[in-house]
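Enquirer: Below you'll find the structure I mean.
The values are calculated or read from the model by the stated rules, or taken from the named source; none is laboratory data. Treat the numbers as computed from the prediction; the structure is a model and nothing was measured. In this analysis, Cβ positions are derived from the backbone assuming ideal geometry, glycine residues included, and neighbour counts consider all displayed protein chains.
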Amino acid sequence: MYNSFLNTYLRIFYASFPITKVTNQNKCNRWITVGIQTSCKHKRELFLLNRSLNSPPLKRYYKKYCNILVKVIQEAKRMTFSTRIYKSYNKTRTTCNIINELLGKEHSLNDVQQLIVEGTHFTNQQLNAKEFNKYFSSLVDTINSNNPVTPSIDTSAPYIYLQQVEGNHYSPVVFKSFSTKEIISIINSLKTKNSVGYDNSKYS
């Protein structure tokens, strides 16, 4: 009866609490090496020994050991973060990510989830983008109405407008011929990124 109860209990227990492998996902702990782990363990042993013996020489040795360990940890952190920034394609973003990780800040979503325009609620991302585009496009007409252009200047073509306003200070644009091989070479030289297009497909 006991074996039957134990088997039933263990079957339910392992079904409810399966064994899973947990890995540390915190990138800030990359600087923790095996040597630092061993040193921290030894520091804990020295702390317990110093507390039980209350020996002045051991106390001085313990403080000296702690100071050296602190410097080693600081240097390990510096080297880890410097290497991470050096190998990054976007050094500014990597630096900000490291700072946020050290401060314990989580990434927040900056997407506009809801937009209210003249009492109308928009929750679709595509409609939100259209409303933003409509608003900022209307600002151009407002600015032009407040700053009327001299009638003698033709604004129908941007290049002609720049010539009339600034004079002929711009060198002519010359289009050079190129081959398919050159285009493929340029595409292959681009760095791989995680950015996606409007259709959520990744570009490389």
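Enquirer: Taking the condition modelled with pLDDT of 80 or more and in the same structural domain as V72 (by TED's automatic domain parsing), does I12 pass?
Expert: Spelling it out, it is not the case that I12 is modelled with pLDDT of 80 or more and in the same structural domain as V72 (by TED's automatic domain parsing).
Enquirer: Looking at I187, I183 in this structure, which one is closer than 30 Å to Y89 by Cα, at pLDDT 75 or above and surrounded by 10 or more Cβ atoms within 10 Å (Cβ to Cβ)? Break it down stepwise before answering.
Expert: Working: I187 fails: surrounded by 10 or more Cβ atoms within 10 Å (Cβ to Cβ).
The match here is I183.
Enquirer: Let me ask something else about it. Would you point out which residue out of L48, L69 is aliphatic (A, V, I, L, M) and either outside the structural domain of C96 (by TED's automatic domain parsing) or surrounded by 11 or more Cβ atoms within 10 Å (Cβ to Cβ) (or both)?
Expert: L69
Let's see how each residue does on (1) modelled with pLDDT of 90 or more; (2) touching a Phe, Trp or Tyr at 6+ places or on another chain (Cβ under 8 Å); (3) surrounded by 10 or more Cβ atoms within 10 Å (Cβ to Cβ):
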{"site": "N3", "(1), (2), (3)": "no, no, no"}
{"site": "P18", "(1), (2), (3)": "no, no, no"}
{"site": "L53", "(1), (2), (3)": "no, no, yes"}
{"site": "I73", "(1), (2), (3)": "yes, yes, yes"}
{"site": "A76", "(1), (2), (3)": "yes, yes, yes"}
{"site": "S88", "(1), (2), (3)": "no, no, yes"}
{"site": "R93", "(1), (2), (3)": "no, no, yes"}
{"site": "C96", "(1), (2), (3)": "no, no, yes"}
